[in-house]
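The values are calculated or read from the model by the stated rules, or taken from the named source; none is laboratory data. Computed from a predicted model, the values in this text were never measured in an experiment. Reconstructed Cβ throughout: ideal geometry from the backbone, glycine too, with neighbour counts over all protein chains shown. To get the accessible areas, we keep the full protein, side chains included, count just its heavy atoms, and leave off ligands, DNA and RNA. Shrake-Rupley method; radii C 1.70, N 1.55, O 1.52, S 1.80 Å.
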Amino acid sequence: MNTITPQELKQKIEQGERIDIVDVRTPAEFGEVHVRGAKNIPLDRIEASQFSNREEAALYVICQKGSRGAMACRKLAEAGFHQAVNIDGGTQACVEAGVDVVRGKKVMSLERQVRIAAGSLVLVGVGLSFVHPWFIAISAFVGAGLVFAGVTDTCGMGMMLARMPWNQASNGAGCNTTSQASGA
């Protein structure tokens, strides 16, 4: 998988190169802060066919910290699109590197939502185990899910939370959400 550092990306932008960036975070995360000119196509909606009419130029893929971007690049490569380049460290690293970003309304990150949901389910499972010992299975299930997420670098709970209404762009948010990656 090809990668680029935020510093290299910034340099390309400053040199006037045409850079196509696809942000694979949720619309709400994208609305909070995104690299100027990026298009939002959430990870669960990205498909290689969306880019089939592109030139051979690179398509830069970004997320919050880099892992969802890497997953999107792998997904695109498996479908035959090999021009995807992951932006190392994601939006967070781009902000730190001084890449031009657009800021909007502050939202709770998907990672934080997963921690809150998982922790709440564990507490509920432990609490209900005083009612009946079988309720401890809730906590065991969540623990197994967290181990699976760590080993495979995929998170079912995160994918489910990404589809929740509060993680979708609200009207008037000023977000540049689109289903196409053409243009900068």
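Okay, residues lined up against (1) open to solvent by less than 10 Å² (accessible area, probe 1.4 Å); (2) under 23 Å from Lys105 (Cα atoms); (3) among the hydrophobic types (A, V, I, L, M, F, W, C):
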| residue | (1), (2), (3) |
| --- | --- |
| Gln15 | no, no, no |
| Arg18 | no, no, no |
| Arg36 | no, yes, no |
| Lys39 | no, yes, no |
| Pro42 | no, yes, no |
| Ala48 | no, no, yes |
| Arg54 | no, no, no |
| Ala57 | no, no, yes |
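Hey, can you tell me all the residues within the stretch 1-18 that are over 28 Å from Thr154 (Cβ atoms) and of a type outside the set (D, E, K, R)?
Gln7, Gln11, Ile13, Gln15, Gly16
Here are some conditions: (1) of a type in the set (Asp, Glu); (2) touching a residue at least 24 places away in the same chain (Cβ under 8 Å); (3) farther than 19 Å from Pro27 by Cβ. Glu78 meets all but one. Which one does it not meet?
Checking Glu78 against (1) of a type in the set (Asp, Glu); (2) touching a residue at least 24 places away in the same chain (Cβ under 8 Å); (3) farther than 19 Å from Pro27 by Cβ, the one that fails is (2).
For residues in the stretch 111-137 being surrounded by 12 or more Cβ atoms within 10 Å (Cβ to Cβ) and not aliphatic (A, V, I, L, M), which is farthest from Ala28 (Cα to Cα)?
The extreme case among them is Ser129.
Residues being assigned to a helix (DSSP H, G or I) and touching a residue at least 24 places away in the same chain (Cβ under 8 Å): count how many of those fall in the stretch 104-143.
Summing the residues that are assigned to a helix (DSSP H, G or I) and touching a residue at least 24 places away in the same chain (Cβ under 8 Å) in the stretch 104-143 gives 7.
Any idea how many residues of the stretch 74-89 are in a loop (DSSP other than H, G, I, E, B) and at pLDDT 90 or above?
So the answer is 2.
Have a look at Ala70, Ala57 and point out the one that is assigned to a helix (DSSP H, G or I), touching a strand residue (DSSP E or B) at 6+ places or on another chain (Cβ under 8 Å) and of a type outside the set (Phe, Trp, Tyr).
Going through Ala70, Ala57 in turn, just one is assigned to a helix (DSSP H, G or I), touching a strand residue (DSSP E or B) at 6+ places or on another chain (Cβ under 8 Å) and of a type outside the set (Phe, Trp, Tyr): Ala70.
Does Ala140 meet the test of being among the aliphatic types (A, V, I, L, M), in contact with a Gly (Cβ under 8 Å, 6 or more places away or on another chain) and either closer than 15 Å to Val22 by Cα or surrounded by fewer than 16 Cβ atoms within 10 Å (Cβ to Cβ) (or both)?
Criteria met by Ala140.
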